[in-house]
Every structure is written in structure tokens, then in C-alpha cells.
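Report on the following structure.
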Amino acid sequence: MREPRVIARLDIKSPNVIKGVRLEGLRVVGDPQALATKYYEAGIDELVYMDIVASLYNRNSLEDILRRAAENVFVPLTVGGGVRTVDDVHRLLHSGADKVAVNTAATRDPSLIKAVAERWGSQCMVLSVEAKRIGPGKWEAFTDNGREHTYRDVVEWVQEAASLGAGEILLTSVDQEGTKKGFDIELCRAVTAVVEVPVILSGGMGSLADARAAVKDGGADAIAVAHCFHYDLFSVGQVKEAVA
Amino acid sequence: MTIGVVDYGIGNLLSVCRAVAVCGGNVKVLSTPAEVPAVDRLVVPGVGAFGDCAAALRDQGFWEPVVAFAASERPFLGICVGMQMLFDVGLEFGQHQGLGILPGQVVEIDRLRPDGTVRKRPHIGWVGLQRPEGRTWEGTILEGTDEGTKFYFVHTFSAVPEVTSDRLADVDYDGFRVSAAVNRGNVTGTQFHPEKSGPAGLAVVSRFLKQ
């Protein structure tokens, strides 16, 4: 039986974990290592680190954060934000990441997806999508925390990326992110209907019913939770129970 | 006692090494084949494609030393593709020769479930182990692990052991039987990642160190 995964998402503005609303208006939440350890001890299935500044200047400190996590957090670690080249991927994997999430660079040059999947396997290559609703049943993929257009249709883009070797999709609804108003279930359905790889739904959870709906109605294989965990609205155990 | 982790240029060894270390093991990353015979226990990790891993193992000269180590009495652990390579042949992007330590092949997880719907691949997630009928976990790396304990899996291909008694643990993935762990004598393989499976995974690593 397939058990949906519950993933804690740590948005990083080095050296801190931060949290915003719709990927903006950022507030400091705490120390990445303290939070990672706390979620690990609570039984989290995976951790996702997203460097939301993603400047070259921050690279080293992101790698340090990963290295520290890999010291005593024994669950899969995904890292994203500013991954531009195969060399970036190499460095992050050697800093302790198991998977790498790519958004901007892939939208500019989709062949990066293929290059990463061929070298390390598709299980390593997570496509990160920042989806904004632009009409009924229609979403556009954005980059740079929902600020930059790609003019790519989300449903078409995920299919192209999966065919190039993306092994998983981290699907973030920019509209719902940080609002606690619930996930964009319709977006999730639209994506899970067209790809055969696992989909992690992110953005908007405010209740245990939202978590359940992501899985039962949206068909999500995993959910990424930030606000609800950072502010102790629910425990990891409660959310895992809700989606089981 | 030294635990050697074979570094043949594939993936992230940090977590495997760290897991062994927190379980009290003295880890040594082996970057040359000549170092293999001297260690007391051997770990062969592996991620990505079967063919790439097998080619890298061979190109870097690890093939014979690894086979020879498995033929000794010393404990040997293959993880993920490291387990898959124990078998005769892998059918990922063509046909690739494995180490041939255990008879069997490595096949793609079926795309369709019994009800005709699509089974997601890669198979990613935490799944509870089942003990095949008639198989004991006593004296193996799963000694002390309860049936149903969940471990982390991420794979698209899966080993099919030819000899039933080599199956140490299975998991069910929507009606597809995944060989989750195999064992014969001193040789053990896990399709799951003990180094990514939280406390349950570390318990397995500890058990490997005590074998």
C-alpha cells in the first residue's frame, strides 16, 4: 500500500529558516539545524531545503547547512534554489543532499533535466514548479519566488520535464503558499493526471483536513509542510495520521 | 575493526559513512581496489542506473576485489543498486552483467497495477517489511527488527532472486512484490536505504556491525 510522505519544507535565507506568505514578506523562523533535528526526531519522512535567495554568495553556507544536517539527520534530504549547472548538482550531492530540485535553470534550458537524470538517475532530479493560477483550470510556471514569468503552462511543462527524466515534481502553489487556506487541489489533480512520477504538493496547508484532501482528492504522493510545523500547529505524527 | 565503504565515484557516501560512524563503526572510504581485502566489513552503495554503476565498478578495478571479498567469510552489505549488482544481470537500459554473487536478475517495476491504473515510478517512500514464509531473521541484519517496520525506498528497478531462500524481506508496492532485502551467508543486500531510514535504519546498520 502506498503511504503518502510527509515532508518538512525549510525555506532558507542563510543562515536562517524563514517563512513568508506567497513566497514573500519573509520572517525568520529559526536555525535550520535545530528545526531539522526536531522534525527528524518527530519522525518526518523527508526534508526539503529551498534556498530562497539563491545567490552564488550563499552557496557555501547552504552546503554547510546540508553537511550539518547529514551528520545526524538520517532521512532523505532534497535541496533546491539556484541550482544552475551539473557542477552545482555535484557539489550539493557531495554535501549530503540525496536529491536536487531545479526550477529556473530547467525552464531556461530543459536539457539540464536530462543531464542530471542521466548522470545520477531520475530519482535525484526533482522538478520544482512555482505555479500561479492564471485562469480557470490554467496555471503558469513562475520562477524567483513567484515573481518571474516563464510563460510555460504548468500542465505542459511537467509533462515535458517528466519525459526528460524528472523523477519527482515539487509542486508549489504560489497563490496558496503561506496562507493556511488549503492546498490548490485542482492544480494537483491537473498535474497528477498527466505524469507518472510522484508529486509533492506544497503551499497552503492550514488544517489536517487540507492534508487529507491533498492526498485523497488531489492525488498527491507527498505533501510539503512549512508553516504548520514551524509554528507548531500540528505535530508530524498528526499529519502522518491524517494522510494515512 | 574497519568498515570499508567502496567509493567508485557514484553518489553521496556521506550519509552511509555517517550512519556507520554513529553506530560506532570505524569507517574507511576505499578509493582504490587494493584497499578492499584489508577491511573487516564491506559496504557497496549505489545510486542511479545499474549499467552505470556496474561499469564504474569495473572501470575502477573494484570488480574482482569485491567478488573476492564476498567469497570470504566477512560481512558484506550492498545498498540499493549495490544490492542489485549482487545478481547475474540487470535489465535497465539494455542488459548488463552483475557481480553474479546471487542468482537472479533485476527488472523494471511493472508500470500498471493489477487494476490497470498506473503505478508511480520511481517507487519512493517508506514501506513496511514482510518476512517471507519460512525465512528467519535471526543472525541477519534484520534480527531485532519487527515485521512491518518501515524503511525508505527509492528505485524503479527491483531484484528477482532465483533462489527463494535468498529472499530476506519483501515489500508490496501496489501489488508488485519488491525484494527488499536478500541474504546468503555473509552476503546481504538491501533495496531500501538503511542510512536514510531513521532509527530503524540505524538499528540495521548496528546489526551489520555486530555480525
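The table that follows gives values for the structure above.
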{"read-out": "All positions within the stretch B:96-130 that are touching a residue at least 60 places away in the same chain (Cβ under 8 Å) and more than 14 Å from every other protein chain (Cβ to nearest Cβ)", "value": "B:Ile101, B:Leu102, B:Pro103, B:Gly104"}
{"read-out": "Options A:Arg9, A:Arg22: the member that is at pLDDT 95 or above, under 16 Å from the mean Cα position of the chain (by Cα) and open to solvent by 10 Å² or more (accessible area, probe 1.4 Å)", "value": "A:Arg9"}
{"read-out": "In the stretch A:200-241, residue nearest to A:Ala131 (Cα to Cα) [restricted to those that are open to solvent by 30 Å² or more (accessible area, probe 1.4 Å) and part of a loop (DSSP other than H, G, I, E, B)]", "value": "A:Asp217"}
{"read-out": "Residue within the stretch A:7-15 that is hydroxyl-bearing (Ser, Thr, Tyr), within 14 Å of chain B (Cβ to nearest Cβ) and in contact with a strand residue (DSSP E or B) (Cβ under 8 Å, 6 or more places away or on another chain) present", "value": "no"}
{"read-out": "Residues of the stretch B:6-50 that turn out to be farther than 18 Å from B:Ser197 by Cα, away from chain A (no Cβ under 14 Å) and outside any loop (DSSP other than H, G, I, E, B), as a count", "value": "12"}
{"read-out": "Any chance A:Ala34 is aliphatic (A, V, I, L, M), within 12 Å of another protein chain (Cβ to nearest Cβ) and open to solvent by 10 Å² or more (accessible area, probe 1.4 Å)", "value": "no"}
{"read-out": "Considering residues of the stretch A:51-76 that are at pLDDT 95 or above and outside any helix (DSSP H, G or I) only, the residue surrounded by the fewest Cβ atoms within 10 Å (Cβ to Cβ)", "value": "A:Val73"}
{"read-out": "Filter pass, B:Asp40 being crowded, with 21+ Cβ neighbours inside 10 Å, farther than 17 Å from B:Gly201 by Cα and of a type in the set (Asp, Glu)", "value": "no"}
{"read-out": "Pairs where the first residue, in the stretch B:7-23, is more than 17 Å from B:Val205 (Cβ to Cβ) and the second is of a type in the set (D, E, K, R) and open to solvent by 20 Å² or more (accessible area, probe 1.4 Å), C-beta under 8 Å, 6+ apart", "value": "B:Ile10/B:Asp52"}
{"read-out": "Residues that are over 19 Å from B:Asn12 (Cβ atoms), of a type in the set (A, V, I, L, M) and over 17 Å from the mean Cα position of the chain (by Cα), drawn from the stretch A:33-74", "value": "A:Ala34, A:Ala42, A:Leu56"}
{"read-out": "Candidate set from the stretch A:126-149 (those that are of a type in the set (Gly, Ala, Ser) and in contact (Cβ under 8 Å) with a residue 24 or more places away in the chain); member that is farthest from B:Lys196 (Cα to Cα)", "value": "A:Gly137"}
{"read-out": "Odd one out for B:Ser31, checked against (1) in contact (Cβ under 8 Å) with a residue 60 or more places away in the chain; (2) among the polar types (S, T, N, Q); (3) out of contact with any Phe, Trp or Tyr (no Cβ under 8 Å at 6 or more places or on another chain)", "value": "(1)"}
{"read-out": "Pair list, Cβ under 7 Å, 6 or more apart: the stretch A:106-125 residue within 19 Å of A:Arg91 (Cβ to Cβ), other residue assigned to a helix (DSSP H, G or I) and among the small types (Gly, Ala, Ser)", "value": "A:Ala106/A:Ala161; A:Leu112/A:Ala105; A:Leu112/A:Ala106; A:Ile113/A:Ala106; A:Ile113/A:Ala161; A:Met125/A:Ala117"}
{"read-out": "Selection from the stretch B:199-211 of residues that are over 14 Å from B:Thr140 (Cβ atoms) and in contact (Cβ under 8 Å) with a residue 24 or more places away in the chain", "value": "B:Ala200, B:Gly201, B:Leu202"}
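Residue-by-condition table, conditions (1) modelled with pLDDT of 95 or more; (2) touching a His at 6+ places or on another chain (Cβ under 6 Å); (3) open to solvent by 20 Å² or more (accessible area, probe 1.4 Å):
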position: A:Gly80; (1), (2), (3): yes, no, no
position: A:His94; (1), (2), (3): no, no, yes
position: A:Val100; (1), (2), (3): yes, no, no
position: A:Asp109; (1), (2), (3): yes, no, yes
position: A:Gly121; (1), (2), (3): no, no, no
position: A:Met125; (1), (2), (3): yes, no, no
position: A:Ser128; (1), (2), (3): yes, no, no
position: A:Ala131; (1), (2), (3): yes, no, no
position: A:Pro136; (1), (2), (3): yes, no, yes
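Listed here are the residues, each with its yes/no results for (1) part of a loop (DSSP other than H, G, I, E, B); (2) closer than 19 Å to A:Leu23 by Cα.
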| position | (1), (2) |
| --- | --- |
| A:Phe142 | no, yes |
| A:Asn145 | yes, yes |
| A:Arg152 | no, no |
| A:Trp157 | no, no |
| A:Ala162 | no, no |
| A:Ile169 | no, yes |
| A:Thr172 | no, yes |
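The values are calculated or read from the model by the stated rules, or taken from the named source; none is laboratory data. Here the structure is a predicted model, which is why all the values come from computation and not from measurement. Cβ coordinates were reconstructed from backbone atoms using ideal geometry, including for glycine residues, and neighbour counts include every protein chain displayed. Ligands, DNA and RNA are excluded from the accessible area calculation, which covers all protein heavy atoms including side chains. Shrake-Rupley method; radii C 1.70, N 1.55, O 1.52, S 1.80 Å.
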